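Read the structure below first, then the notes.
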Amino acid sequence: MPTFRHGKLSHFSLGTSGSEAVFTNLSPYLTDVQFPRPVDVAETSTFGTTAKTYVIGLYSSAFSFTGRYDETIDGYLSALLGSEKPVAFRYGPGGSASGRRSYLGVAYITAYDMQGGVGDMVGISLQAQVTGAVDDSVFTGTSTATVPASVAVSASGEPRMAARSSQASRSPAAAALRKSCSVLMAAPPDLRRD
C-alpha cells in the first residue's frame, strides 16, 4: 500500500553563503515549497517524418518558497540574495525523520520578496536556480549529512559539476563520495526548532 505524507511535515534548510556545510532550518517559517525538476528535450525530426521525434537533453532544477516574515530570517535571507557563491539546500518533502527522502544540492538565490497587506500577516517569497546535479538520498536521523563531491562547492565558491543524473547518486561510487564529506545540520540557537 502507498504511504502518503502530509505537507505539514516538509523540511527545508539552506546553507550559509558560500558554504555547503552548515545549514539553517527554515521549516518553522515556511508555508509552501516548490521544487520543479524539468529535463530538456531536443527535436530530431527531419524531412519525411510524420511525427515529431526527440532526444533527452540536460536536467535542470530550481526551487521557490513562501513563508512568514521574521526580522531574523529576513536578515539571513537578504544576505544570501545575489551572492556570487551558490548556497547549499536540503529539501525533505516528507519530513526529516530517518529514512525519509532528501534532495541535496547548491543554488543561486535569484529573487527575495516581502509582501504585506492590511488584512494578513507579512509574508516572504524566495526563488533560486539550482546549479549542477541534485543528490537524491535519505535522511539518516543524525545531526550530520553528507554532500557528494558532485554537488559540493569548491574553496573558490564555484560549484563542482558532474555529468550525471540524480539517479546515479545511488551507485556504489556515489555512496563512497557521500561517505567522504560529513557536514553539520545545525541551526543557530535563535532559529532552532524546539
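Carbon and sulfur: what percent of segment 13-141's accessible surface (1.4 Å probe)? The computed percentage sits at 53. The label-point distance for GLN127 and ALA79, in a model that sets each label 7 Å from Cα toward Cβ, rounds to 2.5 nm. Principal axis extents of the Cα atoms in segment 15-134, from largest to smallest and rounded to whole angstrom, are 62, 37, 31. Restriction of the GluC sites (Glu not before Pro) in segment 38-124 to DSSP coil positions whose beta-carbon has at most 13 other beta-carbons within 10 angstrom yields GLU84.
The phi torsions of segment 113-127, fed into the Karplus equation with coefficients 6.51, -1.76 and 1.60 and a -60° offset, translate into couplings of 10, 10, 10, x, x, 5, x, 8, 6, 5, x, 10, 8, 9, 10 Hz, rounded to whole numbers, with Gly and Pro shown as x. In this structure the amide hydrogen of SER102, modeled in the peptide plane, comes within under 5 Å of the amide hydrogens of SER137, VAL138, PHE139, none closer than 5 places in sequence on its chain. Available extension along the chain between ASP113 and SER60 is 16.8 nm, counting 0.36 nm per residue and deducting the alpha carbon span.
The values are calculated or read from the model by the stated rules, or taken from the named source; none is laboratory data. Values in this document were obtained by computation on a predicted structure and should not be read as measured data. Methodologically, a virtual Cβ is constructed for each residue, glycine included, from the backbone with ideal geometry; neighbour enumeration extends over all protein chains shown. Keep in mind that these areas ignore ligands, DNA and RNA; they rest on the heavy atoms of the full protein, side chains included. Shrake-Rupley method; radii C 1.70, N 1.55, O 1.52, S 1.80 Å.
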